[in-house]
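Asker: The structure's right below; bear with me while I get my questions together.
Where a number appears in this text, it was derived from the coordinates with a stated rule and is not lab data. None of these values were measured; they are calculated from a predicted model. Note that we place each Cβ from the backbone using ideal geometry, even for glycine, and neighbour counts take in every protein chain shown.
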Amino acid sequence: MPTDLVIRVPNEPGALAAVAAAVSDAGVNLAAATCTGPGESADLHILVKHAEAAKHALGISGLVVTNEQEVVVVETDDRPGALADLARKVAKAGVNLDLVYVATGTRIVFGSPDIEALRAALGVAATV
């Protein structure tokens, strides 16, 4: 299942490299990453398919996952309005989003406290 992991990292050169190396050394693919936090530390979000393996590898490297969330990943066209169309579907269904970012290719990652309603709104089947 696609999972967004959040790792609190120091906002310094090499922080992303440490996370990417730990995860890739475990054979886990990073499908997306985004980072927020202009201060001394930042929250690095990574999208992975194998969360347990990623968390284990990060732990061995001394990196702590501070949050974990199942997300919905949607393939879309690379065109103006693609995100707006998807966001309208979510809004029409009354689903509140707490996470959104773009993944590799033309995929968009969505997170919500109500993952089942989000899946329904976007027409995405549950993944196992």
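Asker: Quick one: give the max-minus-min coordinate of the C-alpha atoms of segment 47-96 along each principal axis, largest first, in Å.
Answerer: For segment 47-96, the Cα spread along each principal axis is 42, 25, 14 Å.
Asker: Whole-Hz Karplus ³J(HN,Hα) for segment 32-37, in order, using 6.51 cos²θ - 1.76 cosθ + 1.60 and θ = phi - 60°, x for Gly and Pro?
Answerer: Values per residue, Gly and Pro as x: 6, 7, 8, 9, 10, x Hz.
Asker: For segment 104-114, in order, what is each residue's ³J(HN,Hα) by Karplus, 6.51 cos²θ - 1.76 cosθ + 1.60 with θ = phi - 60°, in whole Hz (x at glycine and Pro)?
Answerer: Whole-Hz 3J(HN,Hα) from phi for segment 104-114: 4, x, 10, 10, 10, 9, 10, x, 7, x, 10.
Asker: Also: Stick to the Cα atoms of segment 3-70, pair each with every other, and give me the Kirkwood hydrodynamic radius in Å at one decimal. Let's see the in-between values first.
Answerer: On the way: mean 1/r = 0.0862 Å⁻¹.
With all distinct Cα pairs of segment 3-70 included, I get 11.6 Å.
Asker: Can you give me the pair-distance distribution of segment 72-122, C-alpha pairs, 5 Å bins, whole percents?
Answerer: Going from the shortest bin to the longest, the percentages are 5, 23, 35, 24, 11, 2.
Asker: Based on Cα coordinates alone, diagonalise the gyration tensor for the chain, multiply each eigenvalue by 5, take square roots, and list the semi-axes in whole Å, largest first.
Answerer: Equivalent-ellipsoid dimensions as semi-axes: 27, 15, 13 Å.
Asker: Pick out which of Arg79, Arg107, Arg88 has the largest mean-square fluctuation in a Gaussian network model of the chain, springs linking Cα atoms closer than 10 Å.
Answerer: Judging by the Gaussian network model, the answer is Arg79.
Asker: Give a residue-ordered list of calculated ³J(HN,Hα) values for segment 40-49 (Karplus: 6.51 cos²θ - 1.76 cosθ + 1.60, θ = phi - 60°; whole Hz; x for Gly, Pro).
Answerer: For segment 40-49, the Karplus curve yields 6, 10, 9, 9, 9, 9, 10, 9, 9, 8 Hz.
Asker: Which one, Phe110, Gly81, Asn96, is farthest towards the positive end of the dipole of segment 72-122 when Lys and Arg carry +1 and Asp and Glu -1 on their Cβ?
Answerer: Ranked along the dipole, the leading option is Gly81.
Asker: How far is the Cα center of segment 55-128 from the Cα center of segment 3-34, in Å?
Answerer: Going from one Cα centre to the other spans 18 Å.
Asker: Another one. Can you show me the helix-derived [θ] at 222 nm for the chain, built from DSSP H runs with n ≥ 4 at -39,500 (n - 2.57) apiece and divided by the number of residues, rounded to the nearest 500.
Answerer: -9000 deg cm²/dmol
Asker: Another question about this same structure. Pop the C-beta distance of His56 and Ala31 into the FRET formula with R0 = 30 Å and round what comes out to the nearest 0.05.
Answerer: Numbers: r = 18 Å, r/R0 = 0.60.
The computed FRET efficiency comes out at 0.95.
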